[in-house]
1. Just to be sure, is SER410 surrounded by fewer than 18 Cβ atoms within 10 Å (Cβ to Cβ) and either of a type in the set (S, T, N, Q) or on the phi > 0 side of the Ramachandran plot (or both)?
2. Could you check LEU155 against (1) farther than 15 Å from VAL37 by Cα; (2) out of contact with any helix residue (DSSP H, G or I) (no Cβ under 9 Å at 6 or more places or on another chain) and say which number it fails?
3. Within the stretch 422-429, is there a residue that is at pLDDT 85 or above and over 27 Å from the mean Cα position of the chain (by Cα)?
4. Would you be able to say whether some residue in the stretch 274-287 is closer than 30 Å to PRO44 by Cα and touching a helix residue (DSSP H, G or I) at 6+ places or on another chain (Cβ under 9 Å)?
5. When you scan the stretch 334-356, how many residues do you find that are farther than 18 Å from ILE409 by Cα and either in contact (Cβ under 8 Å) with a residue 60 or more places away in the chain or not β-branched (Val, Ile, Thr) (or both)?
6. Would you call ILE415 modelled with pLDDT of 85 or more, assigned to a helix (DSSP H, G or I), closer than 18 Å to LEU227 by Cα and of a type outside the set (Ser, Thr, Tyr)?
7. Just to be sure, is VAL275 within 27 Å of ARG148 (Cβ to Cβ), modelled with pLDDT of 85 or more and in a helix (DSSP H, G or I)?
8. Which residues, counting only those in the stretch 114-129, are modelled with pLDDT of 80 or more and either surrounded by fewer than 21 Cβ atoms within 10 Å (Cβ to Cβ) or aromatic (Phe, Trp, Tyr) (or both)?
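The values are calculated or read from the model by the stated rules, or taken from the named source; none is laboratory data. Because the structure is predicted, anything quoted here is derived from the model rather than measured. Here the Cβ is made from the backbone with ideal geometry for all residues, glycine too, and neighbour counts use every protein chain on show.
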Amino acid sequence: MSAAEGASLSTRTIRAGMWTVGARLSSRLIDFAVLLVLARLLGPADFGLVATAMTVIYIVEAVLELPLTFVLVRLPDITERMYATAFTLGLIRGLLVAGLMAALSFPLASLYGDPRLMPLICALALAPAARGMVSPRMVMFERAMDFRRKGLLELIGKAVAGVIAISIAVATDNYWAVAAGTISSPTVTMIVSYIMAPMRPRLSLAEWPLFASMTGWNFVSQIVSALNWQIDRLILPLYIEVVAFGRFTTANDIAGLPFQAIVQPTTVPLFSALVNAREKGNLVSAYLKACSGIVALMAPIMGFMALMAGPVIHILLGPSWSSGAPILAGVALTSLFVLPTIPWSALVLVLDRPRLVAFRSFIELAVRAPLTVIGIIVAGIPGAIAAKAGAGAALLFVTLLSTRSIAGISFRDQIRSSLYPMVALIPAAAFLYGVPDLATLGLYLYPALAATGLVFGMIYVAALYGMWWVSGRPAGLESFVLDKAAALLRR
């Protein structure tokens, strides 16, 4: 593979990622706006009730998740029967999720001692059912690395859901406002997808063998991953009050917003890029660039969120939520462990080793489950955060080990690709430690936090590019941004 081809692939991947990240970031800004309004109209108890209902739904949805898009992206040509099979599998999945949650609604309401959970769970089960029935023909745009339509699709769903949720909250001052927004977003997205990528629904499982192998191992890994993801939310409501649980889940959701806005949208572009890189013999370099780029983007965001958790909570949710600041800080810090592991799943799927995903999830669960149970019983929410940190460290080690085994990438190369963005974070974090308590500034809090964030970002970028220059100016996110800035200045 020539240097020009490698640069072209990197540019196409970054451009596709920028489209998806931009769209997802815009949709998360809508989420932020809706959260700001709902947090002032409703209380932690309302959010805690909906979060309790959604915990089990998230697990069931994740267990029954089907990697239909990944299968279709890998195929050289897609026939009508393949589209029909993908549609049928999505429909079956949606019906299974809705039916299973309806059957579990009464036992779960009894377990958590709140009868309101029964109708709430039944209604919220419609969200994952709709999410799995998006038009399979949307994959045509992803295969062409054109993610503008997918971004627009999400923006429309979020905007409509935000209007519905706020309207119901103003009218009823009730937790059903949160539920209505959760349901309406995927429903609107599903409807609009068939306008963007028209397809006449047809039931068929004729091409099931194409999906069988990846779906089988995906089912196993998703069961374990779902437990890893939600085990603290399953156990915490049994030991803490719903108000405290509402603060915990809301802080977790805020810490997860950067991942949803930046990391998740890059999954398909990254997978497509690694497929192209493998065909051109440049898989190792592309993977290391992906690791470095994700850490460079996410580490300063999570670091700033952790060190400025108090002002962030105060601005986003209001003073009544201030006790959630330590939770946000702890969760944001623990997320730093998993940043270098994010591109690993795409690498494993490209190398056609899906069973390794299940294996890694089993190891993570073996560490997380006992730590979470013991931590919550002994210390409640701080114990759950400590367990998250321990599981993240274990996940990082297993990822480094397995990557060396399947791709031949040494520990040194893997660590080095992610180390210099973390080193660049040190002077920026040191600056934040010297900033006085911004919460005492009253109305000046907003400009003060903005100015602090600007200086923090400038210090980080300066340190990052210093490390990049010392490292020999390798191709990647830094060179792409620098080239774009130079082109803009020339104009």
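1. Values: surrounded by fewer than 18 Cβ atoms within 10 Å (Cβ to Cβ): yes; either of a type in the set (S, T, N, Q) or on the phi > 0 side of the Ramachandran plot (or both): yes.
Taking the combined requirement at face value, the residue satisfies it.
2. Of the numbered conditions (1) farther than 15 Å from VAL37 by Cα; (2) out of contact with any helix residue (DSSP H, G or I) (no Cβ under 9 Å at 6 or more places or on another chain), the odd one out for LEU155 is (2).
3. Restricting attention to the stretch 422-429, the residues satisfying the condition of being at pLDDT 85 or above are 422-429.
From the residues that got through so far, the ones that are over 27 Å from the mean Cα position of the chain (by Cα) too are 427.
Yes, some residue in the stretch 422-429 is at pLDDT 85 or above and over 27 Å from the mean Cα position of the chain (by Cα).
4. Taking every residue of the stretch 274-287 in turn, none turns out to be closer than 30 Å to PRO44 by Cα and touching a helix residue (DSSP H, G or I) at 6+ places or on another chain (Cβ under 9 Å).
5. Counting residues in the stretch 334-356 that are farther than 18 Å from ILE409 by Cα and either in contact (Cβ under 8 Å) with a residue 60 or more places away in the chain or not β-branched (Val, Ile, Thr) (or both) gives 5.
6. Numbers: modelled with pLDDT of 85 or more: yes; assigned to a helix (DSSP H, G or I): yes; closer than 18 Å to LEU227 by Cα: no; of a type outside the set (Ser, Thr, Tyr): yes.
Against the criterion (modelled with pLDDT of 85 or more, assigned to a helix (DSSP H, G or I), closer than 18 Å to LEU227 by Cα and of a type outside the set (Ser, Thr, Tyr)), ILE415 does not qualify.
7. Details: within 27 Å of ARG148 (Cβ to Cβ): yes; modelled with pLDDT of 85 or more: no; in a helix (DSSP H, G or I): yes.
When the stated conditions are applied, VAL275 does not pass them.
8. PRO115, ARG116, MET118, PRO119, CYS122, ALA123, LEU126
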